[in-house]
Amino acid sequence: MLLIPCPFCGPRNESEFAHGGPVRARRPDPDAVSDAAWVEYLTVTPNPQGPVQEHWWHVRGCGTWLTLWRDTTSHDIVKGPDDA
Amino acid sequence: MRYDVTCKQAGLSALFDLKGPQADLWGWAGDHLPPMPARPNSLTRRGGRSLYHIGPRHLLLRTGIAEEEALERALGPAAAPPQISIVRISDTLTFFAVTGRDADQVMAIACPLDLHPAVFGADAVSHTEAFGLKAMVLRCEGGFECAVEQSHGDMMQDYLNRALT
């Protein structure tokens with residue numbers, strides 16, 4: 001179970017949140033990249049071993065979207081939202 | 001084991017959802033609101049009205065249902081400036097009062113929030129989850145109030161009944 005630091009509510013149980021996926025690079029211009037690069041962007045989710053920056057939505061709490069760093073090997077939150 | 005708890009579904013309250021910058025909300029409707037709660041997830045009361053600070057730039061105004069129409073006229077949601085939102089939501093939430101000696105134990109089954117008085121004091125109010133449902137929890141005399149979306153009311157009642165036995 002994760003205790004996620006919400007900037008508004010403070011530390012809250014993971015079950016109050018919805019995972020919003022990893023923070024990704026900006027969407028490329030589909031007309032300016034190859035088909036392979038566009039398909040890669042659309043279908044391949046970054047899944048590094050170690051810290052990954054993720055979006056979380058406090059959907060059962062205050063409604064805030066936040067961004068934090070979670071280590072995929074230890075499940076630890078290594079860096080919370082800047083204002084939490 | 002039976003818990004020494006009474007669970008009672010409360011009647012309707014007049015509820016208004018207020019969103020927007022604090023200065024704009026107070027500029028438009030400040031005369032009709034209790035003071036702004038000092039902290040996130042806390043409430044203030046004045047003259048039978050309660051104001052819940054439940055999210056960033058998000059407040060909930062609650063009062064008796066008899067005052068609903070007059071308060072809506074006073075708040076003037078249709079004419080409010082575009083940077084704020086005032087919406088009557090009285091019918092969208094069902095409140096339950098969970099009171100009695102073991103109220104904290106039943107609420108500990110229901111929701112993951114730390115409800116110890118040192119953390120969740122008399123003026124605390126927060127959205128969280130109760131039995132997996134999105135819920136708003138606050139203290140009341142002798143226990144807690146828990147509000148869920150109206151359509152989940154029967155489910156919540158069922159969950160509470162099961163928790164009590």
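The values are calculated or read from the model by the stated rules, or taken from the named source; none is laboratory data. As the structure is a prediction and not an experimental result, all values here were calculated from the model. Methodologically, a virtual Cβ is constructed for each residue, glycine included, from the backbone with ideal geometry; neighbour enumeration extends over all protein chains shown.
Kindly evaluate A:ARG60 against the criterion of being within 14 Å of chain B (Cβ to nearest Cβ), under 29 Å from B:LEU115 (Cα atoms), without any contact (Cβ under 8 Å) to a residue 60 or more places away in the chain and part of a strand (DSSP E or B).
Numbers: within 14 Å of chain B (Cβ to nearest Cβ): yes; under 29 Å from B:LEU115 (Cα atoms): yes; without any contact (Cβ under 8 Å) to a residue 60 or more places away in the chain: yes; part of a strand (DSSP E or B): no.
No, not satisfied.
Within the range B:15-74, which residues are surrounded by 15 or more Cβ atoms within 10 Å (Cβ to Cβ), acidic (Asp, Glu) and farther than 15 Å from B:ILE89 by Cα?
Hit for the range B:15-74 is B:ASP24, nothing else.
Could you list, in sequence order, all residues of the range B:19-54 that are under 17 Å from B:PHE120 (Cβ atoms), part of a strand (DSSP E or B) and in contact (Cβ under 8 Å) with a residue 40 or more places away in the chain?
Hits for the range B:19-54 are B:SER42, B:LEU43, B:THR44, B:TYR52, B:HIS53, B:ILE54.
Name the single residue, out of those in the range A:19-42 being part of a strand (DSSP E or B) and surrounded by fewer than 14 Cβ atoms within 10 Å (Cβ to Cβ), that is modelled with the lowest pLDDT. Explain how you work it out, then say what you get.
Going through the range A:19-42, the residues part of a strand (DSSP E or B) turn out to be A:19-22.
From what's left, surrounded by fewer than 14 Cβ atoms within 10 Å (Cβ to Cβ): A:19, A:21.
Details: A:HIS19: 95, A:GLY21: 90.
Among them, the one singled out is A:GLY21.
Per-residue answers, yes or no, for (1) within 14 Å of another protein chain (Cβ to nearest Cβ); (2) closer than 30 Å to B:PHE120 by Cα:
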position	(1), (2)
A:PHE8	yes, yes
A:ARG27	no, no
A:TRP38	no, no
A:GLY80	no, yes
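Read through the list (1) among the β-branched types (Val, Ile, Thr); (2) at pLDDT below 95; (3) in contact with a Leu (Cβ under 8 Å, 6 or more places away or on another chain), then give the number of the only condition that B:VAL119 fails.
(3)
Rundown of residues vs (1) part of a helix (DSSP H, G or I); (2) assigned by TED's automatic domain parsing to the domain that holds B:ALA23; (3) touching a helix residue (DSSP H, G or I) at 6+ places or on another chain (Cβ under 7 Å), yes/no style:
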| position | (1), (2), (3) |
| --- | --- |
| B:THR63 | no, yes, yes |
| B:ALA74 | yes, yes, yes |
| B:ARG101 | no, no, no |
| B:ILE109 | yes, no, yes |
| B:ALA118 | no, no, no |
| B:ALA122 | no, no, no |
| B:ARG139 | no, no, no |
| B:MET155 | yes, no, no |
| B:ASP158 | yes, no, no |
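Restricting the search to the range B:117-165, which residues are away from chain A (no Cβ under 14 Å) and without any contact (Cβ under 8 Å) to a residue 12 or more places away in the chain?
B:PRO117, B:SER151, B:ASP154, B:ASP158, B:ARG162
Against the conditions (1) surrounded by 11 or more Cβ atoms within 10 Å (Cβ to Cβ); (2) closer than 30 Å to B:CYS146 by Cα, where does A:MET1 fall short? Just the number, please.
(1)
With the structure loaded, tell me whether A:PRO48 is within 14 Å of chain B (Cβ to nearest Cβ) and assigned to a loop (DSSP other than H, G, I, E, B) or whether it fails that test.
Working: within 14 Å of chain B (Cβ to nearest Cβ): no; assigned to a loop (DSSP other than H, G, I, E, B): yes.
Spelling it out, it is not the case that A:PRO48 is within 14 Å of chain B (Cβ to nearest Cβ) and assigned to a loop (DSSP other than H, G, I, E, B).
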